[in-house]
Amino acid sequence: MDRETRAKRIADLHVFYGQNEVVEELIRAGKIDEEYTYPFVDTDDEVFEWWLVSPYLAQELKQQGEVIIDALGCHWWGRQSSGQAIYMDAAIQEIAGA
């Protein structure tokens, strides 16, 4: 299986739902502790999208330096790109190539 096929499979199996409104509302309501919300303030990158992901993918993305919120029994990925298929993200490609 080539890298692109593996990346598509990872995205299909481990990226569940776009959760922009959910995460933003949890932040506003104070349901996500600040320590989970802002571990990435020192980065130059901006989070454009929030995605609910599997525990496996959350761990892999953390190892890639991606923004992850682990709270309330969920794992949200703060995607720092937009406008392309998720499987094309550099972090997903890197995981697929490992």
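The values are calculated or read from the model by the stated rules, or taken from the named source; none is laboratory data. Computed from a predicted structure; not experimentally measured. In this analysis, Cβ positions are derived from the backbone assuming ideal geometry, glycine residues included, and neighbour counts consider all displayed protein chains.
When each of 23, 15 is tested for being crowded, with 18+ Cβ neighbours inside 10 Å, among the aliphatic types (A, V, I, L, M) and modelled with pLDDT under 95, the lone residue that passes is 23. For the range 50-76, the tally of residues that are acidic (Asp, Glu), buried (at least 17 other Cβ atoms within 10 Å of the Cβ) and not in a loop (DSSP other than H, G, I, E, B) stands at 1. The residues in the range 63-98 that are among the small types (Gly, Ala, Ser), over 23 Å from residue 2 (Cα atoms) and under 10 Å from the mean Cα position of the chain (by Cα) can be counted, and the count is 1. Residue-level check: of (1) loosely packed, with under 13 Cβ neighbours inside 10 Å; (2) at pLDDT 90 or above, residue 1 misses just (2). Among the residues of this structure, residue 43 does not count as one that is surrounded by 15 or more Cβ atoms within 10 Å (Cβ to Cβ) and at pLDDT below 90.
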